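Shown next, in structure tokens, is the structure this report addresses.
The values are calculated or read from the model by the stated rules, or taken from the named source; none is laboratory data. None of the values given here were measured: they were computed from a predicted structure. Reconstructed Cβ throughout: ideal geometry from the backbone, glycine too, with neighbour counts over all protein chains shown.
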Amino acid sequence: MSAATTTTITEQLSNPERETVKIVNDAPIDEQIEELIRNNNQINITRTRHKKIALQPGIDKSGLAILPESTRKRLEDDDIDIAKGYPEVPERNKIPIFVDQAHAIRDYDVPFVDRGKGADPEKKALFGAAKEVINLTKNVGTEIVGLQLEDLTNQQKDELALLIAERVVVFFRDQKLSPTAQHKLGDYYGNIEVHAQTPQVPGLPGTTVIWNDYQVSQGMALNFSNSNLGNWDSTKYLSVGNQGWHTDLVHERQPTGYTHLHLDAIPEVGGDTIWSSGYGAYDKLSDEFKKFLDGKEAVYVSAHQYLDRDDPFGGPKRIERVHPLVRTHPATGWKFLYVNRGMTKRILGVSPVESDLILNYLFDVYEKNADLQVRFKWTNTKQGYGTSAIWDNRVSQHRNVWDHEGAEPRHGTRVTSLAEKPFFDPESKSQRESLGLYLHQWE
């Protein structure tokens, strides 16, 4: 049946209170479906394919019962009104039903200039003010000691952006950082993404709540046995929570750049996060394989799924966009591999079998090379403070480790800044090539 088909439908839907909803309508079928979904709370539009939960729209009173005290204090100190509940789920009339509605949310170019471009390569303002600068591994991850993110000057913020672009992820422990200040910093680094479905801090759109404990309380079936299945085969074993290797929002017209997660409730042991470098993943490839991949494009898809307006009974669909498979970073000028297992669908210009074989190898390069990765333990050194990680989503994949199994609370807020429209500069160099580091020549 076409979406333009008109018909008359009379149907009764029962809910737990035994009330009924009668629909008599001769509007196009897609309009009838949208009206039915938006006006009936028994039909879920906030369920992702891997969480299998239904979040009720609005501010959730039930979240207060499990809200960690450190989180509550941080929110109240920032004058965030949580009297009615926490977190806030977007209203039903703002959540997309159809693929075209979701696709249209940011389907236009937005000006963007990377704050790291042109910053002092020696980072004298940032490093000079820090007590200590610690590289956690040789290739990925740096910790800055003795600075408060809330107090950084614009020059220091620009140098920090360049450092993140170079080192993939930068960490700050012992932070007194309000959600409002976090949001302001994200706005400085790019165009803040406001997610159409994800729970937010009340009154602060774009400050996403990262809280598996809440999702589990709402019915997400996350446990020791299934928490990593998506890392084996994300098409067969759906990822639960955020334990699968991924890059955020690759389907956007202008995907994510600098992303800032601040944890204000941290397990004593467990709940670490791992990042892997796209610069290093590209440099692991042979020169001949790099030549083959340079200039290729791939199809990238959204994590959330929606209905197809022209085939509403054909099953859920995901947003698709085409981007370069190898990108060039605007601040460093380095090439990087832009793939992730869950949301890179296919390579253009090759057969489906060839695409699957190539992509699965590229996913493995990202995921299985420990010398491209850093695993971070979030723990603070001061009671009542939080810890921040700011990473470059363009040049990385990341995943959470749910080994604490919810025995201790873990809560954070994330602000994601959208960056440039992806591009590939054929004259750009790889990271190791630019730094004059050894590259193996295969016979």
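So that you can scan it fast, the table gives a plain yes or no per residue for (1) free of Cβ contacts under 8 Å to residues at least 24 places away in the same chain; (2) among the hydrophobic types (A, V, I, L, M, F, W, C); (3) not in a loop (DSSP other than H, G, I, E, B):
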position: Leu357; (1), (2), (3): yes, yes, yes
position: Tyr366; (1), (2), (3): no, no, yes
position: Asp371; (1), (2), (3): no, no, yes
position: Arg375; (1), (2), (3): no, no, yes
position: Trp378; (1), (2), (3): no, yes, no
position: Ala389; (1), (2), (3): no, yes, yes
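Listed conditions (1) at pLDDT below 55; (2) closer than 17 Å to Lys94 by Cα are all met by Glu34, apart from (1).
Taken over segment 89-122, residues that are more than 30 Å from Thr153 (Cα to Cα), hydrophobic (A, V, I, L, M, F, W, C) and surrounded by fewer than 18 Cβ atoms within 10 Å (Cβ to Cβ) amount to 2. Name the single residue, out of those in segment 391-405 being in a loop (DSSP other than H, G, I, E, B) and in contact with an Asp or Glu (Cβ under 8 Å, 6 or more places away or on another chain), that is surrounded by the fewest Cβ atoms within 10 Å (Cβ to Cβ). In this case the residue turns out to be Asp403.
Filtering Gly219, Gly116, Gly190, Gly203 for residues that are touching a residue at least 24 places away in the same chain (Cβ under 8 Å) and in contact with a helix residue (DSSP H, G or I) (Cβ under 9 Å, 6 or more places away or on another chain) leaves a single hit, Gly116. With respect to (1) in a helix (DSSP H, G or I); (2) modelled with pLDDT under 85, the lone exception for Leu13 is condition (1). The criterion of at least 3 residues that are at pLDDT 95 or above, not assigned by TED's automatic domain parsing to the domain that holds Ser388 and not basic (Lys, Arg) is met by none of the helices (runs of 4 or more DSSP H) falling completely within segment 66-175. Just a yes or no: is a residue in segment 380-389 in contact with a His (Cβ under 6 Å, 6 or more places away or on another chain), under 30 Å from Gln254 (Cβ atoms) and modelled with pLDDT of 95 or more? The answer is yes; a qualifying residue exists. Filter segment 310-334 down to residues that are under 19 Å from the mean Cα position of the chain (by Cα) and among the hydrophobic types (A, V, I, L, M, F, W, C) and give me whichever is nearest to Leu136 (Cα to Cα). Selected residue: Leu325. Restrict the check to segment 418-441 and report whether at least one residue is under 26 Å from Gln305 (Cβ atoms), in the same structural domain as Leu261 (by TED's automatic domain parsing), outside any loop (DSSP other than H, G, I, E, B) and under 17 Å from the mean Cα position of the chain (by Cα). There is at least one residue in segment 418-441 that is under 26 Å from Gln305 (Cβ atoms), in the same structural domain as Leu261 (by TED's automatic domain parsing), outside any loop (DSSP other than H, G, I, E, B) and under 17 Å from the mean Cα position of the chain (by Cα). Among the residues of segment 406-424, the ones that are exposed (fewer than 15 other Cβ atoms within 10 Å of the Cβ) and either among the acidic types (Asp, Glu) or at pLDDT 95 or above (or both) come to 2 in all.
Taken over segment 130-173, the criterion of being β-branched (Val, Ile, Thr) and in contact (Cβ under 8 Å) with a residue 60 or more places away in the chain is satisfied by Thr137, Val140, Ile164, Val168, Val169, Val170.
Cβ separations smaller than 9 Å between residues 6+ apart or across chains give the following pairs from segment 422-443 residues that are over 23 Å from Tyr300 (Cα atoms) to residues that are of a type in the set (Phe, Trp, Tyr) and assigned to a loop (DSSP other than H, G, I, E, B): Arg432/Tyr438. Looking at the structure I just gave you, is Asp213 out of contact with any helix residue (DSSP H, G or I) (no Cβ under 7 Å at 6 or more places or on another chain) and of a type in the set (Asp, Glu)? Criteria not met by Asp213. Quick check: anything in segment 347-366 on the phi > 0 side of the Ramachandran plot and within 22 Å of the chain's Cα centre (by Cα)? Scanning segment 347-366 turns up no residue that is on the phi > 0 side of the Ramachandran plot and within 22 Å of the chain's Cα centre (by Cα). Would it be correct to say that Leu307 is more than 22 Å from Trp245 (Cα to Cα) and under 24 Å from the mean Cα position of the chain (by Cα)? Spelling it out, Leu307 is indeed more than 22 Å from Trp245 (Cα to Cα) and under 24 Å from the mean Cα position of the chain (by Cα). Checking each residue in segment 158-192 for being among the hydroxyl-bearing types (Ser, Thr, Tyr) and buried (at least 23 other Cβ atoms within 10 Å of the Cβ) picks out only Tyr189.
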